[in-house]
Amino acid sequence: VEENKLSYCSSASLIDRRIQSFKDGYRQNLAILGGKNRISYIFNKHIAFLCPQELIYIYVNTSYTGGKELFRNTAYSILSAYLKSHKSLDSLISIASDILPLTTNFIKDTLKNDAYLTFLGILEIINKFINETSKQCIFIIEEFTELKRIFSSFAQDFSQFIIFQKKCMLIITSSHLRQAENTLSCELNFIDRKSTRLNSSHTDISRMPSSA
């Protein structure tokens, strides 16, 4: 228990600093790598309850899911957080259609389309939502390495999103440390990385283009 508390305190402090910096207008992304129990502890004790409420939190878990389901989960998380409602996705789309026409029309059109869904389609929900609301978002992806299984071009799509979307902070997690570090350093080609290790690994991740 004491070990978990120590890990949580370190993680909570790091998350607080990164989120506050993001709110102040700086690019911030964070990877939390380690055991599932510790990651869950961090989320349940900190992110879910203590983070600023003015931000829109978008949460998805990629385990045991496919592209269409992940799209629906992302759409639901955005609309639920924005409307502060836990009704069904269809109900949320109906409620939000007048105030978020671009976002809701994109969601409806995508769900009707049987074509192969890319990761870019999921990221585009966030882009359209931010364009309509100017809200800052935090996109939390649990077990992000599973995206490789779901989407063949996820690395390219993800990299472009991180470069151009300044109003969305990423918090990504993985319990598969080696695979996650390889994906971050090789496939996503993140640079300017710092790593702090205690009981879990907390890695700041950012791609710093010349325009940043």
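Every residue in the range 32-71 that is at pLDDT below 85, of a type in the set (A, V, I, L, M, F, W, C) and either outside any loop (DSSP other than H, G, I, E, B) or open to solvent by 40 Å² or more (accessible area, probe 1.4 Å) (or both), please.
Within the range 32-71, Ile32, Leu33, Ile39, Ile42, Phe43, Ile47, Ala48, Phe49, Leu50 meet the criteria.
Scan the range 143-162 for residues that are buried (at least 17 other Cβ atoms within 10 Å of the Cβ), farther than 17 Å from Ser185 by Cα and modelled with pLDDT under 90 and report the count.
Summing the residues that are buried (at least 17 other Cβ atoms within 10 Å of the Cβ), farther than 17 Å from Ser185 by Cα and modelled with pLDDT under 90 in the range 143-162 gives 0.
Can you name the residue in the range 78-103 that is at pLDDT 95 or above and within 17 Å of the chain's Cα centre (by Cα) and is also nearest to Tyr57 (Cα to Cα) among such residues?
Ile78
The values are calculated or read from the model by the stated rules, or taken from the named source; none is laboratory data. Note that the structure is predicted; figures quoted are calculated from it, not measured. Using ideal geometry, Cβ is built from the backbone for each residue, glycine included, and neighbour counts are taken over all protein chains shown. Note: areas computed on protein heavy atoms with side chains; ligands, DNA, RNA excluded. Shrake-Rupley method; radii C 1.70, N 1.55, O 1.52, S 1.80 Å.
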